1. Only residues in the stretch 175-190 that are within 15 Å of PRO244 (Cβ to Cβ) count as the first member; pair them with residues that are assigned to a helix (DSSP H, G or I) and among the β-branched types (Val, Ile, Thr), Cβ under 8 angstrom, at least 6 apart or cross-chain, and list the lot.
2. Say we look at the stretch 304-325 and pick out the residues that are in contact with a helix residue (DSSP H, G or I) (Cβ under 6 Å, 6 or more places away or on another chain) and in a loop (DSSP other than H, G, I, E, B); which of these is most open to solvent (accessible area, probe 1.4 Å)?
3. Between residues in the stretch 26-44 that are touching a residue at least 60 places away in the same chain (Cβ under 8 Å) and residues that are of a type in the set (Val, Ile, Thr), which pairs lie under 7 Å by C-beta distance while being six or more apart or on different chains?
4. So LYS155 clears everything in (1) closer than 22 Å to ALA231 by Cα; (2) in a helix (DSSP H, G or I); (3) among the basic types (Lys, Arg) except one condition, right? Which one?
5. From the set of residues in the stretch 87-127 that are charged (D, E, K, R) and farther than 14 Å from GLN59 by Cβ, which is least open to solvent (accessible area, probe 1.4 Å)?
6. Starting from residues that are part of a loop (DSSP other than H, G, I, E, B) and in contact with a helix residue (DSSP H, G or I) (Cβ under 7 Å, 6 or more places away or on another chain), keep the ones in the stretch 199-228 and report whichever is nearest to PHE278 (Cα to Cα).
7. Could you tell me how many of the residues in the stretch 229-238 are of a type outside the set (Gly, Ala, Ser), outside any loop (DSSP other than H, G, I, E, B) and either modelled with pLDDT of 90 or more or in contact with a helix residue (DSSP H, G or I) (Cβ under 9 Å, 6 or more places away or on another chain) (or both)?
8. Looking only at residues in the stretch 239-262 that are outside any loop (DSSP other than H, G, I, E, B) and out of contact with any strand residue (DSSP E or B) (no Cβ under 6 Å at 6 or more places or on another chain), which one is most open to solvent (accessible area, probe 1.4 Å)?
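The values are calculated or read from the model by the stated rules, or taken from the named source; none is laboratory data. If you're wondering where the values come from, they're calculated on a predicted model, not measured in any experiment. Cβ atoms come from the backbone with ideal geometry, glycine included; neighbour counts cover every protein chain shown. Heavy atoms of the whole protein, side chains included, go into the accessibility calculation; ligands, DNA and RNA do not. Shrake-Rupley method; radii C 1.70, N 1.55, O 1.52, S 1.80 Å.
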Amino acid sequence: MLLSLVVHTYSLRYWFPATVMLGTAPAYILSWGAWRLLSTVLPARVYHRLDDRLYCMYQSMVLFFFENYTGVEVIIYGDIPKNKENVIYLSNHQCTADWIIADMLAIRQSALGHVRYVLKDGLKWLPLYGWYFSQHGGAYVKRSAKFNEITMKKKLQTQTKCGAPMYLVIFPEGTRYNPELKSVIAESQAFATKEGLAVLKHTLTPRMKASHIALNAMNDHLDAIYDVTVAYEGTLSASGQRRPAPSMPEFLCKECPRVHIYFDRVDIKEIPSEPLFFRRWLHERLLTDFYESEDADKIRTFPGEGKHSPLSLSKTLPSMVILGGLTLPLLLTESGRKVYVGTWLYGTLLGWLWVNAFP
């Protein structure tokens, strides 16, 4: 009985925030949908301004759980600019919680509403979310020979032409680095050898296509590239062996006490545009210092001084209260529940049709 209680309590750590985040999605989509209809006669710039505010509200609620609720300690190496900028955010990729790290940095720069993602094509099938991420300015891409450069370039240029602020998140590795997937790592290292690049031990060989297209498509609109390397504490054993990074459920279950984030701002004028040089530049940006160093005292840290960066409740709790207030009326009445379920079903169907018809 005691074991059952412990297991139940542990599962609640995940199910409570997951229920709230998923439960508020229909109310959020309904609010966004109303604004989308009202804004059809307005300039695109006006639509994006409020859309960014709505997106900021929802993601702030998400961060309430991933930061304030979990109590994770965020350690940042480097200085985040105080002013908002149009940027490409490049980061290593280890787990499903990586996109939350981008939100963590963006909210500290008051740019959370500007975050847009380059996502793998399969994620467009997510109910509600898959469709909405596309509407918010995200781009879905396929790998290898199926990669559609024209579609991605057109999507990004449409956003920049209407003046939409851009905090474009790209994970150049294309897929997650998992030390247990030996075949994926071996394939990645073989690709690096074939291309004459250094073999990387703690990340996969980055693919440059999406990053290079984004750089060229938005060059005149961009201020900088944010070079970000993330390390989750507990993923390096005492013997120096890598362990898998925490999944989103594990993160919400408070299994990650500390996240280390190396941040480096690179002015857009310093980025080589020629493909060969850009590939090498991108390859050399991935840090391995956290996992290996000639100085044993520097392992499990990044270069420079790491600063604890707590997130104030005032940045997340109001969104939690507002979205919760919008959701309750839908759940307390029979007609509201029908609207709630209908929004999920309609959003799922519309998402499938919309994303495939208008990639």
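1. THR175/VAL184; TYR177/ILE185; ASN178/VAL184; PRO179/ILE185
2. Among them, the one singled out is LEU311.
3. Taking only residues 6 or more apart or on different chains, the pairs are PRO26/THR343; ALA27/THR327; ILE29/THR343; LEU30/THR343.
4. Going through (1) closer than 22 Å to ALA231 by Cα; (2) in a helix (DSSP H, G or I); (3) among the basic types (Lys, Arg) one by one, LYS155 breaks only (1).
5. Here is the first cut: in the stretch 87-127, the residues charged (D, E, K, R) are 98, 103, 108, 116, 120-121, 124.
Restricting the remaining residues to those that are farther than 14 Å from GLN59 by Cβ gives 98, 120-121, 124.
Values: ASP98: 5, LYS120: 93, ASP121: 34, LYS124: 23 Å².
Out of the qualifying residues, it is ASP98.
6. Ranking the qualifying residues of the stretch 199-228, first place goes to MET208.
7. Initially, the stretch 229-238 is screened for residues of a type outside the set (Gly, Ala, Ser), giving 229-230, 232-233, 235-236.
Of the ones still in play, those that are also outside any loop (DSSP other than H, G, I, E, B) are 229-230, 232, 236.
Next, from what is left, pick out any that are either modelled with pLDDT of 90 or more or in contact with a helix residue (DSSP H, G or I) (Cβ under 9 Å, 6 or more places away or on another chain) (or both): 229-230, 232.
The total comes to 3.
8. Quick first cut of the stretch 239-262, residues outside any loop (DSSP other than H, G, I, E, B) only: 242, 248-252, 258-262.
Still in the list and also out of contact with any strand residue (DSSP E or B) (no Cβ under 6 Å at 6 or more places or on another chain): 242, 248-252.
On the way: ARG242: 34, MET248: 50, PRO249: 49, GLU250: 74, PHE251: 3, LEU252: 3 Å².
So the residue we want is GLU250.
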